[in-house]
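Participant: Questions regarding the structure given below will be posed in turn.
The values are calculated or read from the model by the stated rules, or taken from the named source; none is laboratory data. Keep in mind that what you see is a predicted model, and the values were worked out from it rather than measured. No Cβ is skipped: glycine too gets one built from the backbone with ideal geometry, and neighbour counts run over all protein chains shown. Each accessible area value is taken on the protein alone, full model and side chains, heavy atoms only, with ligands, DNA and RNA left out. Shrake-Rupley method; radii C 1.70, N 1.55, O 1.52, S 1.80 Å.
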Amino acid sequence: SSECKLTLDEWFNIWVNTYYKNKVKEITYINKVDRYNGKIKGSSIGKMKLVDIRPIHIQEYVNSLKEANLKQGTIGIYISLIRAPLKQAILEGYITRNPVDGISIPRDDYKEKLVLTHEEQERFFKYASISSLYKLYKFLLLTGVRINEALALTWDDVDFDTKIIRINKTLHCYSGRQKQMLKDLNAEESTHLEYRVGTPKTRQSIRNIPISECCYTLLKEMEAENKLNINIVFHNKRGAFLN
């Protein structure tokens, strides 16, 4: 029979290495494979043959993710992992339609966003003051930047004259699985790789943030304490990036 016998897992592996790997950054490829392997590989749909997968199988998988309390956006990410390979499978003639097109992703239950009151902020700072990461916590709360943006921050991003912080890079710390994948891809260069500094995923993430008076005081204190002129704002005892 000429019927395709590939499973979704087998086809994803072929697709990601043939059609996807060479058009994206290495870390984007690694993240794609890592996510697939972590949630879909070996699952009920991962082990199914492409020709047997119907919308109901995808929907049952989606419902199981919802029952596991995954958010709508996170479920959407996992579904996108299989949508593109299945679209390519149509072009290859393996299947005639994409079963993902027939499913719906359940909406999240509405939850009011919680923010810290001034009293709660004061209580937080009181108990956080004994931590070696106290100044990082304070910076995060004063600026609202993402943790990976703060950890990538260098002193040349801070302009005390114009009171502006330039957010233009992020720090990605590799998980154990991702480090192994890097070694498999490029053993010589990646053996000791713990993190990667890169550009934000979207252009909108590159931005200038005004420095408030409280933040100005905090950063000036840190600048004065930086006797070794380490360029990383929030660094460990070795002067390297924090994980």
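Participant: Return a yes/no flag: does the stretch 98-110 have any residue that is acidic (Asp, Glu), more than 19 Å from the chain's Cα centre (by Cα) and at pLDDT below 90. Show your work before the answer.
Facilitator: Here is the first cut: in the stretch 98-110, the ones acidic (Asp, Glu) are 101, 108-109.
In the following step, the residues that additionally are more than 19 Å from the chain's Cα centre (by Cα) were identified as 101, 108-109.
Within this subset, residues satisfying the condition of being at pLDDT below 90 are 108-109.
Yes: the stretch 98-110 contains one or more residues that are acidic (Asp, Glu), more than 19 Å from the chain's Cα centre (by Cα) and at pLDDT below 90.
Participant: Any idea which of (1) part of a helix (DSSP H, G or I); (2) at pLDDT below 95 is the one residue 89 doesn't satisfy?
Facilitator: Answer for residue 89: the failing condition is (2).
Participant: Now for a different question. Which condition breaks for residue 155 when tested against (1) open to solvent by 50 Å² or more (accessible area, probe 1.4 Å); (2) farther than 27 Å from residue 34 by Cβ; (3) of a type outside the set (A, V, I, L, M)?
Facilitator: Of the numbered conditions (1) open to solvent by 50 Å² or more (accessible area, probe 1.4 Å); (2) farther than 27 Å from residue 34 by Cβ; (3) of a type outside the set (A, V, I, L, M), the odd one out for residue 155 is (1).
Participant: Return the pairs, sorted by first residue and then second, in which the second residue is among the small types (Gly, Ala, Ser) and open to solvent by less than 100 Å² (accessible area, probe 1.4 Å), the first residue lies in the stretch 107-122 and is free of Cβ contacts under 8 Å to residues at least 60 places away in the same chain and within 30 Å of residue 62 (Cα to Cα), the beta carbons are less than 9 Å apart, and the residues are 6+ apart or on different chains.
Facilitator: Every condition considered, the pairs that remain are 108/73.
Participant: Here is a follow-up. Give all pairs with beta carbons closer than 6 Å in which a residue from the stretch 16-31 that is under 15 Å from residue 82 (Cα atoms) meets a residue that is open to solvent by 50 Å² or more (accessible area, probe 1.4 Å); count only pairs at least 6 apart in sequence or on separate chains.
Facilitator: 29/21
Participant: Here's a follow-up. Could you tell me which residue of the stretch 32-57 is farthest from residue 87 (Cα to Cα), considering only residues that are under 21 Å from the mean Cα position of the chain (by Cα), open to solvent by less than 40 Å² (accessible area, probe 1.4 Å) and not hydrophobic (A, V, I, L, M, F, W, C)?
Facilitator: The extreme case among them is 34.
Participant: Still on this structure: Of these, 61, 127, 110, 78, which one is outside any helix (DSSP H, G or I), among the aromatic types (Phe, Trp, Tyr) and either crowded, with 17+ Cβ neighbours inside 10 Å or out of contact with any Lys or Arg (no Cβ under 6 Å at 6 or more places or on another chain) (or both)?
Facilitator: Details: 61 fails: outside any helix (DSSP H, G or I); 127 fails: outside any helix (DSSP H, G or I); 78 fails: outside any helix (DSSP H, G or I).
One residue alone meets the criteria, 110.
Participant: Does residue 142 count as within 23 Å of residue 214 (Cα to Cα), in contact with a Ser or Thr (Cβ under 8 Å, 6 or more places away or on another chain) and in contact (Cβ under 8 Å) with a residue 60 or more places away in the chain? Spell out the reasoning first.
Facilitator: Working: within 23 Å of residue 214 (Cα to Cα): yes; in contact with a Ser or Thr (Cβ under 8 Å, 6 or more places away or on another chain): yes; in contact (Cβ under 8 Å) with a residue 60 or more places away in the chain: yes.
Criteria met by residue 142.
Participant: Limited to the stretch 207-243, what total is found for residues that are among the hydrophobic types (A, V, I, L, M, F, W, C), part of a loop (DSSP other than H, G, I, E, B) and more than 14 Å from residue 158 (Cα to Cα)?
Facilitator: Counting residues in the stretch 207-243 that are among the hydrophobic types (A, V, I, L, M, F, W, C), part of a loop (DSSP other than H, G, I, E, B) and more than 14 Å from residue 158 (Cα to Cα) gives 3.
Participant: Does residue 5 satisfy the criteria of being charged (D, E, K, R), buried (at least 17 other Cβ atoms within 10 Å of the Cβ) and out of contact with any His (no Cβ under 8 Å at 6 or more places or on another chain)?
Facilitator: So residue 5 fails the test.
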